[in-house]
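Student: For reference, the structure I am asking about is given below.
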Amino acid sequence: MTSNKDIGSERELRERIAMHGKSIFDRGLTAGSSGNISVRLPDGMLVTPTNSCMGRLDPDRITKLDALGNVVSGDQPSKEAFLHHSVYGVRDDSQSIVHLHSTHSVAVSVIADINPEDVLPPITAYYVMRVGRLPLIPYYAPGDKALADAVAEEAKASHSLLLANHGPVVAGKSLDAAVNATEELEETAKLYLMLRNIPIRPLSSEQCEELQERFFNRQ
């Protein structure tokens, strides 16, 4: 079991969630009160509150949930906290999750002819290293608990998911890793849309396998 010493004090984690939330918001990666961030704790998790703006998070009001999902402290949790529970339940190596409604990733999620098994081509080495395979989860209405089962099933094999007509859900071995992977996903989605009608030269399967063997487990 992961200890507080391994992941930092709860106070530090609250402040880092707020710091990353502001950075994400200030750079236009999420808008309004959309998106949420969580960090796993030995006895539950911290998650951003419902209807909160990522750019104005108060560390003291970030929600703490116990292992059963009950509120221990802070405001009421994001209504999408169940997505975070689903991923943590099948990924013992994940310590943080970022879910955004980032513009370019959402745009890619609604394209009719994308590959639902792996949405984006391996355009860059850093995409392969930080994101890896990106399956598309079919559309479910916001708050639909059936989404939890779909997310859990795909999260067993991939730490990065794209919800159709909704946005990415990305887990990482640390808060920094989850944020970095989410940002890499958004930038790659932007590149993909820019290159949509242009012949491209993605990395080969051999090149991708070499990158994953050398770097993927470090993320």
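Just so you know, all these numbers are worked out from the coordinates, no wet-lab data involved. Everything quoted here is computed from the prediction, not taken from an experiment. No Cβ is skipped: glycine too gets one built from the backbone with ideal geometry, and neighbour counts run over all protein chains shown.
Student: Build a GNM of the chain with springs between Cα atoms under 10 Å: which of L68, L46, L161 gets the top mean-square fluctuation?
Tutor: L68
Student: What's the Cα-based Rg to Rh of the chain, Rh via Kirkwood?
Tutor: 0.96
Student: Let me ask another. So if I average 1/r over every pair of distinct C-alpha atoms in region 14-121 and take the inverse, what Kirkwood radius in Å does that give?
Tutor: 14.6 Å
Student: Now, a different point. Could you work out the relative contact order of the chain? I mean the mean sequence separation of Cα pairs under 8 Å and 6+ apart, divided by the number of residues, in percent.
Tutor: Relative contact order, the chain: 20 percent.
Student: Say R0 is 22 Å: what FRET efficiency, to the nearest 0.05, do N165 and Y126 get from their beta-carbon distance?
Tutor: Between N165 and Y126 the formula returns 0.25.
Student: Direction-averaged shadow area of the convex hull around the Cα atoms of region 5-52, nm²?
Tutor: 3.5 nm²
Student: Further, regarding this structure: How would T48, T124 line up from fewest to most surrounding beta-carbon atoms within 10 angstrom?
Tutor: Fewest-to-most Cβ neighbours within 10 Å comes out as T124, T48.
Student: So what is log10(I(q)/I(0)) for region 106-150 at q = 0.19, 0.21, 0.23 1/Å, when the Debye sum runs over its Cα atoms only?
Tutor: Ignoring solvent entirely, the Cα scatterers give -0.70, -0.81, -0.89.
Student: A further question on this structure: Would you calculate, for the chain, the mean residue ellipticity at 222 nm contributed by helices, counting each DSSP H stretch of 4 or more residues as -39,500 (n - 2.57) and dividing by all residues, to the nearest 500?
Tutor: Calculated from helices alone, the mean residue ellipticity at 222 nm is -11500 deg cm²/dmol.
Student: Another question, if that's okay. Compute the distribution of all C-alpha to C-alpha distances in region 62-179, in bins of 10 Å from 0, and list the percent of pairs in each, rounded to whole numbers.
Tutor: 13, 46, 32, 8, 1
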